[in-house]
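Notes follow once the structure below has been shown.
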Amino acid sequence: MKLNLKIGLRIYKTALAIFLCVVISNFFGISPFYPCIAAVISMESTVINSYKAGVNRMQGTFIGAIIGLVFSSIRKGNPFLISLGTIIIIAFCNRFKLKKSIVISNTVFIAIMINLTSKSPLEYSFFRLLDTLLGIVISVLVNYLVFAPKLHEKILEVMDEIKANILNKLSAIAHGGELVDLEDLSILISKYNTLVAALEEEHVIYRGEDLYLDSFVNTSKSLEALFIYLEALMLIKEKGTAISSDNIALLSGVTGISGEELMAVRDKDKGTDTEKEENIIFNYNLRKVIEIYNKMMK
């Protein structure tokens, strides 16, 4: 049995961040455990996501430390106080939309309350904040400086997949087929929109790619409209429709299939009556799809 182990750049960068955390921690004489954990959690697919993950962890550490200090000053190890503190932390994080900080908040709080360390609660809290900050800084810097994610290249790759998908669907329509599923295209468009949104967030970091951004955003809007037109085609096509001569000419230019061949397919399967109401609606939506596709190809 063969194992398909794909090691991407993010894995190498995570390993590098851990290596640096261990080296720097040893140099300063502190435990590398918490910096390494923070670095692993903060290493995301984009720099801005790494920063957000790091902020979530810092917020969680700070919340857990503050509440842990307050409750430990009353009485450490008290089951009632530990349970009450956990409730307060979760309620607080939910109230202020810090749900991603809940786990680390409770982890730090419980560590203080059950005295997992010989340090005082104040000293423990301070070093947890320091350790976490070190791991986050290393992770973000590694993600930014070492093979920084090229979002515009990923966007262009997905765009090529989307174009090929749309062309396949137009070719199927040209040959008299019917659209039965748009799920594959929907997934690609969603992936495209996610990458564009990430690029928008990181436009300050990727300043050299700003000239792509407006084009990507406009394409995203066009794809939304194109998908709606395709959904209409999928519904109308079920009734049996004939492609107009104008759209045949457009399809011929897009698919490379001769107009004569397309007309022969239409006349054989659907007839030449393109003035029926459903045909008019069908051809309007088809023309819109082709127009958007041609615009994307420029």
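The values are calculated or read from the model by the stated rules, or taken from the named source; none is laboratory data. This one's a predicted model, so the numbers in the text were calculated from it and none came from an experiment. When we count neighbours, we look across all protein chains shown, and the Cβ atoms used for this are built from the backbone with ideal geometry, even at glycine. What goes into the accessible areas is simple: the full protein's heavy atoms, side chains included, and nothing from ligands, DNA or RNA. Shrake-Rupley method; radii C 1.70, N 1.55, O 1.52, S 1.80 Å.
Restricting attention to the stretch 145-189, which GluC sites (Glu not before Pro) occupy a DSSP loop and are surrounded by at most 14 other Cβ atoms within 10 Å? If you can, show how the numbers build up before the last one.
Working: sites: Glu153, Glu157, Glu161, Glu178, Glu183; in loops: Glu178.
Answer in residue order: Glu178.
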Alpha-carbon centroids, the stretch 62-139 and the stretch 165-180: separation in whole Å: 57 Å
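Pop out the carbon and sulfur fraction of the accessible area of the chain as a percent, whole number, probe 1.4 Å.
The value for the chain is 62 percent carbon and sulfur by accessible area.
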Mean Cβ neighbour count within 10 Å, used as a protection proxy, ranking 89-100, 189-200 highest first: 189-200, 89-100
Cβ crowding within 10 Å averaged over residues, with 133-141, 283-291 ranked highest first: 133-141, 283-291
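Over the stretch 1-90, what relative contact order in percent results from Cα pairs under 8 Å that are six or more residues apart? Working shown, then result.
Details: 46 pairs, mean separation 16.2, N = 90.
Once divided by the residue count of the stretch 1-90, the mean separation gives 18 percent.
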Rough spin-label spacing in nm, given labels placed 7 Å along Cα→Cβ, for Glu161 and Ser190: 1.3 nm
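So for the chain, averaging the separation of alpha carbon pairs under 8 Å that are six or more residues apart and normalising by length, what relative contact order in percent results? Kindly include the intermediate steps, with their values, before the conclusion.
Details: 326 pairs, mean separation 51.5, N = 298.
Once divided by the residue count of the chain, the mean separation gives 17 percent.
How much length, in nm to one decimal, is gained on full extension between Phe27 and Leu122, taken as 0.36 nm per residue of separation minus their Cα-Cα distance?
Numbers: separation 95, 0.36 × 95 = 34.20 nm, distance 2.34 nm.
Extending this stretch completely gives an extra 31.9 nm.
If you count only protein heavy atoms with a 1.4 Å probe, what accessible area per residue comes out for the chain, rounded to a whole Å²? Before the final figure, lay out the partial values.
Values: 16680 Å² over 298 residues.
Spelled out: the 1.4 Å probe surface of the chain, per residue, equals 56 Å².
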Helix runs (DSSP H) in the chain reaching 18 Å along axis by Cα, Kyte-Doolittle at least 1.6: 9-28, 79-95
Contour minus Cα-Cα distance for Leu133 and Ala172 (0.36 nm per residue): 8.5 nm
